[in-house]
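Chemist: I am attaching a structure below and will ask some questions about it afterwards.
The values are calculated or read from the model by the stated rules, or taken from the named source; none is laboratory data. Since the model is a prediction, treat every value here as computed from it, not as a measurement. Every residue, glycine among them, receives a Cβ derived from its backbone with ideal geometry; neighbour counts consider all protein chains shown.
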Amino acid sequence: MSKIEIQTSSKQYPVWVGFDILSTLPEQIELLGTISSILVIVDETVQGLHLPTLLNVLPKENHVYVVPNGEGCKTFSVYEEVLTFALEKRLDRKSLVIAFGGGAVGDLAGFVASTYMRGIPFIQVPTTLLAHDSAVGGKVAINHKLGKNMIGQFHQPVAVVYDLNFLKTLPEEEWLSGFGEVIKHSMLDEHHFYEELKDECRSISDLQSSKMKEFIKKGIHVKNRIVTKDERETSVRAFLNFGHTFGHSLEKEVGYGKIRHGEAVVTGILFALYLSKKHLNLSFDLDELFQWMKKLGYSFEIPNLEFDALYHHMLGDKKTINGEITFVLLKQIGEPVLLKLSKSNLSEAFNWLTDLCRGGEE
């Protein structure tokens, strides 16, 4: 079991990572002092697979609310339903929320905790690889029909207990989705993390091996270094959106849940790297990256999309100010920058990307 201490301007808390560590959860709860009750927010899939395991270790009176899988739980209606349930069960300011599931459940549960009675504590208990990113850093939110994660808060958990045994039940597509965020972290790191990933991860079975624990820890360390400097995304924390400006627009246009978040992110990474080569003279072999990702199992099946629709969604990105779209690009691996780009710049990159994903040459 490994402990990573997250330090932000508002809170310090531990992230515990390892196999067979769920038994440490009661200790984390005891450290909070008096807890009157616990609300577990869990999605339908995790409920069937793992909920009895979690409830077996919880020491207090608890309540369970089951939400839809994936982005389907991050709606105003589900958010209101959970708050109503909490009020009906008479949760108070000494109550605790536990987010049990993937990144979407963590986003919803954290937002519930941040707003219920003006804020109560919550603990993240992730069950997916993707959640190694979303469970750390305190960004919690629900979606609006006009944009992903547009209604939210910064509300740090009091602890993260990341038992990697839960990952064993993930389907291959969820491994690939989560690995997209690992790739993102590796490209933001200066210490050869990306080269190590390429060397060590050549197939889906490599992703599912025990070596992934070390890559998860490295990814969390990368995020921690950035969040420590900028908890509320006023400057360098925006770098963690590498691959997400295009990725989020793709998710929005295709429909939330119809393309997995990590697949959208790796597509967005290709898009951002092309722009980095074009505008910052990044020295990088894009075809090598694309072929590696394809070998791992990413499909890059881009439907017939109109650039103008994607551009409209990018205008709604949180980094867009006064109609100027800002992208996270790389001067080199480990050296991200923010750059404003024109519509024609983005249209050119889109044409390149669609040609690449549909079998054309770089």
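Chemist: With the requirement that a residue be hydrophobic (A, V, I, L, M, F, W, C) and modelled with pLDDT under 95, what does segment 132-149 give you?
Modeler: Of all residues in segment 132-149, those hydrophobic (A, V, I, L, M, F, W, C) come to 135-136, 140-142, 146.
If the condition is that a residue be hydrophobic (A, V, I, L, M, F, W, C) and modelled with pLDDT under 95, then L146 is the only one that fits.
Chemist: Out of segment 196-235, which residues are part of a helix (DSSP H, G or I), surrounded by 15 or more Cβ atoms within 10 Å (Cβ to Cβ) and in contact with a Lys or Arg (Cβ under 7 Å, 6 or more places away or on another chain)?
Modeler: Within segment 196-235, I226, V227 qualify.
Chemist: Checking K294 against (1) surrounded by fewer than 16 Cβ atoms within 10 Å (Cβ to Cβ); (2) under 24 Å from the mean Cα position of the chain (by Cα); (3) touching a residue at least 24 places away in the same chain (Cβ under 8 Å), which test does it fail?
Modeler: (3)
Chemist: Please go through segment 321-347 and give me each residue that is in a helix (DSSP H, G or I) and surrounded by 15 or more Cβ atoms within 10 Å (Cβ to Cβ), ordered by number.
Modeler: Within segment 321-347, the first condition is being in a helix (DSSP H, G or I), and the residues that meet it are 343-347.
Of everything in segment 321-347, those that are in a helix (DSSP H, G or I) and surrounded by 15 or more Cβ atoms within 10 Å (Cβ to Cβ) turn out to be N345, L346.
Chemist: Here's something else I'd like to know. Any chance segment 83-104 includes a residue that's charged (D, E, K, R), buried (at least 17 other Cβ atoms within 10 Å of the Cβ) and in a helix (DSSP H, G or I)? Reasoning before the result, please.
Modeler: Step one: of segment 83-104, the residues charged (D, E, K, R) are 88-90, 92-94.
When the remaining residues are screened for being buried (at least 17 other Cβ atoms within 10 Å of the Cβ), the result is none.
No, the conditions are met nowhere in segment 83-104.
Chemist: Residue check: is F300 in the same structural domain as Q208 (by TED's automatic domain parsing), on the phi > 0 side of the Ramachandran plot, in a loop (DSSP other than H, G, I, E, B) and touching a helix residue (DSSP H, G or I) at 6+ places or on another chain (Cβ under 9 Å)? Full working, then the answer.
Modeler: On the way: in the same structural domain as Q208 (by TED's automatic domain parsing): yes; on the phi > 0 side of the Ramachandran plot: yes; in a loop (DSSP other than H, G, I, E, B): yes; touching a helix residue (DSSP H, G or I) at 6+ places or on another chain (Cβ under 9 Å): yes.
For F300, the condition - in the same structural domain as Q208 (by TED's automatic domain parsing), on the phi > 0 side of the Ramachandran plot, in a loop (DSSP other than H, G, I, E, B) and touching a helix residue (DSSP H, G or I) at 6+ places or on another chain (Cβ under 9 Å) - is met.
Chemist: What number goes with the only condition from (1) part of a helix (DSSP H, G or I); (2) closer than 21 Å to K145 by Cα that K318 does not pass?
Modeler: Just one mismatch for K318, condition (1).
Chemist: For the list (1) in contact with a Pro (Cβ under 8 Å, 6 or more places away or on another chain); (2) not in a loop (DSSP other than H, G, I, E, B), I need the number of the one condition that P59 fails.
Modeler: Failed condition: (2).
Chemist: Could we say that L167 is buried (at least 23 other Cβ atoms within 10 Å of the Cβ), assigned to a helix (DSSP H, G or I) and out of contact with any Cys (no Cβ under 6 Å at 6 or more places or on another chain) here?
Modeler: Working: buried (at least 23 other Cβ atoms within 10 Å of the Cβ): yes; assigned to a helix (DSSP H, G or I): yes; out of contact with any Cys (no Cβ under 6 Å at 6 or more places or on another chain): yes.
Spelling it out, L167 is indeed buried (at least 23 other Cβ atoms within 10 Å of the Cβ), assigned to a helix (DSSP H, G or I) and out of contact with any Cys (no Cβ under 6 Å at 6 or more places or on another chain).
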